[in-house]
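See structure below.
The values are calculated or read from the model by the stated rules, or taken from the named source; none is laboratory data. Computed from a prediction, not measured in an experiment: that's the story for all the values here. Cβ atoms come from the backbone with ideal geometry, glycine included; neighbour counts cover every protein chain shown. Areas reflect the complete protein model, heavy atoms only, side chains present, ligands, DNA and RNA absent. Shrake-Rupley method; radii C 1.70, N 1.55, O 1.52, S 1.80 Å.
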Amino acid sequence: MRAAVHGLRDGARRIEEVTPAERDRAVDALRALAILGVVLGHWLVTALVADGGALHTASPLQHMPWLAPISWVFQTLAVFFLVGGHVATKSYASARARGTTYGRWLRARLSRLFKPVAAVLTLWTVATACLLVSGADFATVHTQVKLALSPLWFLVVFAVLTAVTPLVTHINPLWPLAVVLHVDLIRFGLGGPSWLGWVNVAAGWLVPYTLGAAWTRGELDRRRAGWVLLTGGAAATAALVAWADYPASMVGVPGAPVSNLNPPTLAAVSFGLAQCGLALLLREPLRRVMRRPLVWAGTAFANLSAMTIFLWHQTSMMAVTALALLTGRLPGLHTVPDGLGWVAARLAWLPVFALALAVCWSAFRTYEQGPRRRTGRPSRVVRVHRRSGPAGAKATPRA
């Protein structure tokens, strides 16, 4: 144990030594917090209820709507897009300064984004075929595949926004915000078609992405900008929930007539503005915390494994759920999430989910980080932070 602790501290010290002094560690910290929020949020509000030999999805927010504030803490997608817009625009400016073409820059970024997806698609294609051939319940298989592949919608949107990064540098965040406002006004105020809401998938997430570009331009450096976004976004969200009948939950709830997230509503976007404001205000405190070698090493590791964690956290939860079902229906895992007893039991299962995710990371991390290094070579964490620039845009994978 003493040797393990010594090795951990030594590794953290080496990462600290090779990290450029000008690197903004707050960017990496915000990305890591966003990853943690998504993973814990899904693990806490997604239940697979066993009904006979079938599994179907449920949510504690269905039965305990007063738990909606949980979604305010763990629905952190706006922070993803804020950091993504900041890193992408800074990376593109750096690429142009080096003479790198747009096509080459885009291929490099999308390659890092989608390489890990191949492993997920391959495994679930094989698993789905095996389950159906073996006679598994079709509804159960559909539920599992839908949950496992649900993170991919995020990557598609992120890839599109990455592709239009050169245009984003010239877009004021108020323009996509105005689009979201008008779409919701037509949908909910004038009885327009529901399909019109899907316009907000692009416009809604373009708002924090363009805020990230504004961050790169230096327009959000003053703390006043963070406070305006936080207070204005929070006030707008509260007003929309209280007086415009928007759902209080910032994630989708099975059976609810309206979801704030699928597609994004004005309430989700205004809430995202508040999140972005809070993220901007936390930059300096996070920079201070990131000066601790062990904390910084953990943050660097989370960033280098961001895609693996993001893509496999749902599969990890379902693997535990399916294997544990062999022993019978277990509380917090296969039972209806209708009380505080389920919440307490689910919290106890979180370390097991984390262990399963660690197994998935060990098996599939090479799709994101490359093959294991040869003996004597420095770790990828060390190599990446040695050659990274101030933004770490080329070095650190995005979620």
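Does Ile15 satisfy the condition of being part of a helix (DSSP H, G or I) and in contact with a Pro (Cβ under 8 Å, 6 or more places away or on another chain)?
Details: part of a helix (DSSP H, G or I): yes; in contact with a Pro (Cβ under 8 Å, 6 or more places away or on another chain): yes.
It is true that Ile15 is part of a helix (DSSP H, G or I) and in contact with a Pro (Cβ under 8 Å, 6 or more places away or on another chain).
Here is a list of conditions, (1) open to solvent by 20 Å² or more (accessible area, probe 1.4 Å); (2) closer than 28 Å to Pro285 by Cβ; (3) within 21 Å of the chain's Cα centre (by Cα), and Arg223 meets all of them except one; can you say which number that is?
Here Arg223 clears every test but (3).
Testing Thr125 on (1) open to solvent by less than 60 Å² (accessible area, probe 1.4 Å); (2) more than 17 Å from the chain's Cα centre (by Cα); (3) of a type outside the set (D, E, K, R), one condition comes back false. Which one is that?
The single condition Thr125 does not satisfy is (1).
If you go through segment 9-34 one residue at a time, how many are closer than 14 Å to Pro285 by Cα and either touching a Cys at 6+ places or on another chain (Cβ under 9 Å) or among the acidic types (Asp, Glu) (or both)? Steps first, please.
Taking segment 9-34 first, the residues closer than 14 Å to Pro285 by Cα are 24-30, 33.
From what's left, either touching a Cys at 6+ places or on another chain (Cβ under 9 Å) or among the acidic types (Asp, Glu) (or both): 24, 28.
So the count comes out to 2.
State which residue is farthest from Ala118 (Cα to Cα) when the search covers only segment 276-315 and only residues that are at pLDDT 95 or above and of a type in the set (Gly, Ala, Ser).
Gly277
Which one is farthest from Trp105 (Cα to Cα), of the residues in segment 343-375 that are modelled with pLDDT of 50 or more and part of a loop (DSSP other than H, G, I, E, B)?
Step one: filter segment 343-375 for residues modelled with pLDDT of 50 or more, giving 343-374.
Subsequent filtering for residues that are part of a loop (DSSP other than H, G, I, E, B) retains 365, 370-374.
Numbers: Arg365: 23, Gly370: 19, Pro371: 23, Arg372: 26, Arg373: 26, Arg374: 28 Å.
My answer is Arg374.
Restricting segment 16-36 to residues that are out of contact with any Ser or Thr (no Cβ under 9 Å at 6 or more places or on another chain) and among the acidic types (Asp, Glu), which is least open to solvent (accessible area, probe 1.4 Å)?
By that ranking, first place goes to Asp24.
Among the candidates Leu333, Leu325, single out the residue that is touching a residue at least 60 places away in the same chain (Cβ under 8 Å), part of a helix (DSSP H, G or I) and touching a strand residue (DSSP E or B) at 6+ places or on another chain (Cβ under 9 Å). First the steps, then the outcome.
Details: Leu333 fails: part of a helix (DSSP H, G or I).
Unique residue meeting the criteria: Leu325.
Mind checking which pairs have a first residue in segment 346-360 that is within 18 Å of Leu325 (Cβ to Cβ) and a second that is open to solvent by less than 50 Å² (accessible area, probe 1.4 Å) and not in a helix (DSSP H, G or I), Cβ under 8 Å, 6 or more apart or different chains?
Sorted first by the residue in segment 346-360, then by its partner, the pairs are Arg346/Ala47; Arg346/Gly332; Arg346/Leu333; Arg346/Pro337; Ala348/Gly332; Trp349/Gly332; Trp349/Leu333.
Would you point out which residue out of Ala345, Ala358, Ala354 is open to solvent by less than 40 Å² (accessible area, probe 1.4 Å) and closer than 21 Å to Val39 by Cα? Even if it seems obvious, please write down each step before you answer.
Numbers: Ala358 fails: open to solvent by less than 40 Å² (accessible area, probe 1.4 Å); Ala354 fails: open to solvent by less than 40 Å² (accessible area, probe 1.4 Å).
Unique residue meeting the criteria: Ala345.
Take Thr162 and decide whether it is at pLDDT 90 or above and crowded, with 18+ Cβ neighbours inside 10 Å. Please lay out each step first, then the result.
Numbers: at pLDDT 90 or above: yes; crowded, with 18+ Cβ neighbours inside 10 Å: yes.
Yes.
Does Val141 satisfy the condition of being within 16 Å of the chain's Cα centre (by Cα) and at pLDDT below 95?
Numbers: within 16 Å of the chain's Cα centre (by Cα): no; at pLDDT below 95: yes.
Against the criterion (within 16 Å of the chain's Cα centre (by Cα) and at pLDDT below 95), Val141 does not qualify.
Can you pull out the helices (runs of 4 or more DSSP H) entirely within segment 42-104 that have at least 3 residues that are surrounded by 14 or more Cβ atoms within 10 Å (Cβ to Cβ) and at pLDDT 95 or above?
Values: elements: 60-63, 69-74, 77-98.
By residue number, 77-98.
For segment 170-261, which helices (runs of 4 or more DSSP H) that fit wholly inside it have 1 or more residues that are at pLDDT 95 or above and hydroxyl-bearing (Ser, Thr, Tyr)? Don't jump to the end; show me each part of the working.
Numbers: elements: 174-184, 199-216, 223-243.
Output list reads 199-216, 223-243.
A quick yes/no check of all residues on (1) out of contact with any strand residue (DSSP E or B) (no Cβ under 9 Å at 6 or more places or on another chain); (2) outside any helix (DSSP H, G or I); (3) among the aliphatic types (A, V, I, L, M):
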| residue | (1), (2), (3) |
| --- | --- |
| Arg287 | yes, no, no |
| Leu294 | yes, no, yes |
| Ala302 | yes, no, yes |
| Thr308 | yes, no, no |
| Gln314 | yes, no, no |
| Met317 | no, no, yes |
| Thr321 | no, no, no |
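From the list Leu286, Leu282, Leu261, pick out the single residue that is open to solvent by 50 Å² or more (accessible area, probe 1.4 Å) and not polar (S, T, N, Q). Even if it seems obvious, please write down each step before you answer.
Details: Leu286 fails: open to solvent by 50 Å² or more (accessible area, probe 1.4 Å); Leu261 fails: open to solvent by 50 Å² or more (accessible area, probe 1.4 Å).
Answer to the selection: Leu282.
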